[in-house]
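Take a look at the structure below.
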Amino acid sequence: MKRIAVVPGSFDPVTLGHLDVIERAAHIFDELHVLVVHNPGKTALLPVAQRVSLIEKSVTDAKLAGDIRVTSWSVGLLVDYCTEVGASVLVKGVRSQVDVAYETPMAIVNRNLAGVETVFMLPDPAHAHVSSSLVRQVASLGGDVGPYVPNAVAEFLQKPRG
Ligand code: PNS
């Protein structure tokens, strides 16, 4: 049986930390769905479709191995998507105890809702300080986000948008 996992997140925008987790997870699972989910608790910078396209480009540019599919989900629960595609595992990158504390209740609720397990993955410590919110802030103030995001994202954020 195929081992199918989902890496969910806001990805607003995708960072090198996310890409690292995607690469590691793609080595473990037969099929990996990178799923952009709108988080109503956050003010978005990029439209969901743009986030999907930047992840697709970043995965292609980095030549990541494995069966990696990028899409979005806007109706219902995250576990509904898992059921729809036959995924039994969610993969979440955790950089610190703060991330573990934030992710733990969601992991338990997702398991209770649909028996979907969550695997916490440690990214490369080189990316431990990188977050999308930090990238959004640096980009909005005109700083260089190049060290934190894939090239496709840096190019996109540095392009003037009206
Ligand atoms: O990158 P983020 O913002 O930390 O990702 C959070 C996300 C989108 C994965 C989280 O908000 C989520 O799981 N949303 C789906 C809604 C849902 O299913 N909620 C109930 C179980 S937690």
Problem set entry | Single residue of the range 61-75 satisfying the filter (touching a residue at least 24 places away in the same chain (Cβ under 8 Å) and not hydrophobic (A, V, I, L, M, F, W, C)) that is surrounded by the most Cβ atoms within 10 Å (Cβ to Cβ) | S72
Problem set entry | Filtered residues of the range 30-62 (kept if part of a strand (DSSP E or B) and in contact with a helix residue (DSSP H, G or I) (Cβ under 7 Å, 6 or more places away or on another chain)) | L32, H33, V34, L35, V36, V37
Problem set entry | Condition broken by K42, with the remaining ones in (1) within 16 Å of the ligand (Cβ to nearest atom); (2) over 20 Å from L157 (Cβ atoms) satisfied | (2)
Exercise. Do we have any residue at all in the range 71-84 that's away from the ligand (no atom under 15 Å from the Cβ) and either in a helix (DSSP H, G or I) or closer than 23 Å to P123 by Cα (or both)?
Worked result: no
Exercise. Exactly one of (1) in a loop (DSSP other than H, G, I, E, B); (2) within 16 Å of the ligand (Cβ to nearest atom) is unmet by F120. Its number?
Worked result: (1)
Exercise. Within the range 11-32, can one find any residue that is within 13 Å of the chain's Cα centre (by Cα), crowded, with 22+ Cβ neighbours inside 10 Å, farther than 21 Å from Y102 by Cβ and touching a residue at least 12 places away in the same chain (Cβ under 8 Å)?
Worked result: yes
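Yes/no matrix, rows are residues, columns are (1) farther than 22 Å from L32 by Cβ; (2) basic (K, R); (3) part of a helix (DSSP H, G or I):
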site: G142; (1), (2), (3): yes, no, no
site: V145; (1), (2), (3): yes, no, no
site: V149; (1), (2), (3): no, no, no
site: A154; (1), (2), (3): yes, no, yes
Problem set entry | Of all residues making up the range 1-29, the number that are within 14 Å of the ligand (Cβ to nearest atom), assigned to a helix (DSSP H, G or I) and of a type in the set (V, I, T) | 2
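None of the figures in this text is laboratory data; all of them are computed from the coordinates on show. Please read these numbers as outputs of a predicted model, since none were measured by experiment. A quick note on method: Cβ atoms are made from the backbone with ideal geometry, for glycine too, and the neighbour counts reach across all protein chains shown.
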